[in-house]
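So the structure is just underneath, and the comments pick up after that.
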Amino acid sequence: MALLLWKAGMRRVRPLEGGIEEWRSLGYPLEPVVAAALEDEPGPIAT
Amino acid sequence: MTLLRHLLLRHGHLFVFAYVLMVQAGIPVPADPLLLVMGTLIREGYYSTLATVVVAATAAVLGDSIWFELGRRRGSSVLRLLCRLSLEPDTCVRQSENAFAKNGARTLLFCKFIPGLSLVSVPMAAMSGMPRWRFLLFDLAGSTIWTGTYVALGIMFAKEIQRVLDFIGQLGRGAGLVLLAFLGIYVGVKWFRRWKFVHDFRVKRIRPEALREMLNGTEKICLIDLRHERDIERDGMKLPGAQVWKADEVRSRSGEIPRDQEIILYCS
């Protein structure tokens, strides 16, 4: 998937070490997934 | 292909069995040309259709059973191994996950016709908890459809295939070697590019602590959740502001993100 993004011209791509599970284990905040996020609606861009 | 014909004439079903078993065991060579050439020999009266399909399907099921048992015992490590063998590892697992989510066990009926999908479908079936009897039933049906189709095509287009074989024969051994060299360079370049990408990608990983600081700061970043839809639905949570992208949306939605923006990917 990351390679697909790279092929699409995105060079500043970085993976999160440990994924969501490590993020969760550190007690950092999460938010609920709304149904639209699993469909076609693009989600907000994080700032 | 000429060599295949020669080997098939000399060793018959034993060669078909060994070759198909080898392919299903993970050697990255196609079995389809062998079945096509076998079809031409059946047309010429050398072998029986039923015996060929039975032998090839049995070898395919036997090879698949090895991956099925490995998938049951080792789970995702088997998928990682198969990804190393695949030339398109970035799409093969996701493609199979989607096919399984959509079609379940029926994926085994057609997966052998799709490169990449064939390789990972069997361990994925095992990891989905499919009972052995169900796997054997669907895999036997799928293997029979696959071998039967190519043998039937070989029988139907025997003359055309023979013309191709004759043409290749006229080109001689030199042309075959040049073709093999090009194929080797193509595979080598593809593997090297992937190895380099994975190496660079590992180096650039970001720690959760650093990401949290970035999220609290002013720099604009784009967070993308790469987990499979099923896993996201099961979890119900994501990182703050993360976008959920499906694998097939990468190209179409890549325009949404400015090229200079940092993109952080995460999965489970």
Among the residues of segment B:121-137, are any outside any helix (DSSP H, G or I) and of a type in the set (A, V, I, L, M, F, W, C)? yes
Would you say B:Phe100 is more than 30 Å from B:Thr2 (Cβ to Cβ) and part of a helix (DSSP H, G or I)? yes
Residues of segment B:12-51 being over 17 Å from B:Glu160 (Cβ atoms) and either part of a loop (DSSP other than H, G, I, E, B) or acidic (Asp, Glu) (or both), which ones? B:Ala25, B:Gly26, B:Ile27, B:Pro28, B:Val29, B:Pro30, B:Ala31, B:Gly45, B:Tyr46, B:Tyr47, B:Ser48
Answer residue from segment B:201-245, given it is touching a residue at least 12 places away in the same chain (Cβ under 8 Å), among the aliphatic types (A, V, I, L, M) and part of a strand (DSSP E or B) and is farthest from the other protein chains (Cβ to nearest Cβ) among those: B:Ile224
Mind checking which pairs have a first residue in segment B:14-38 that is of a type in the set (S, T, N, Q) and a second that is part of a helix (DSSP H, G or I), Cβ under 6 Å, 6 or more apart or different chains? B:Gln24/B:Ala60; B:Gln24/B:Gly63; B:Gln24/B:Asp64
Is at least one residue of segment B:139-162 among the small types (Gly, Ala, Ser) and within 23 Å of B:Glu229 (Cα to Cα)? no
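Residues are listed down the side, and each one gets a yes or a no for (1) surrounded by fewer than 17 Cβ atoms within 10 Å (Cβ to Cβ); (2) more than 28 Å from the chain's Cα centre (by Cα):
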position: B:Ile206; (1), (2): no, yes
position: B:Arg212; (1), (2): yes, yes
position: B:Asp225; (1), (2): no, no
position: B:His228; (1), (2): no, no
position: B:Ile232; (1), (2): no, no
position: B:Pro240; (1), (2): yes, yes
position: B:Trp245; (1), (2): no, no
position: B:Glu256; (1), (2): yes, yes
Criterion (in contact with a helix residue (DSSP H, G or I) (Cβ under 7 Å, 6 or more places away or on another chain), in a helix (DSSP H, G or I) and either among the hydrophobic types (A, V, I, L, M, F, W, C) or within 25 Å of A:Leu26 (Cβ to Cβ) (or both)) met by exactly one of B:Val198, B:Val250, B:Val178, B:Val187: B:Val250
Filtering segment A:10-47 down to residues that are among the small types (Gly, Ala, Ser) and modelled with pLDDT of 70 or more yields A:Gly18, A:Gly19, A:Ser25, A:Gly27
Kindly establish whether B:Trp146 is surrounded by fewer than 16 Cβ atoms within 10 Å (Cβ to Cβ) and either of a type outside the set (Ser, Thr, Tyr) or not in a helix (DSSP H, G or I) (or both). no
Return yes when B:Met127 is away from chain A (no Cβ under 14 Å) and modelled with pLDDT under 90 and no when it is not. yes
Need pairs with beta-carbon distance below 6 Å; first residue of a type in the set (A, V, I, L, M, F, W, C) and within segment B:95-119, second not in a helix (DSSP H, G or I); sequence gap 6+ or separate chains. B:Leu119/B:Ser86
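The values are calculated or read from the model by the stated rules, or taken from the named source; none is laboratory data. On a predicted model such as this, the values are computed, not experimentally measured, just so you know. Backbone-built Cβ (ideal geometry, glycine too); neighbour counts: all protein chains shown.
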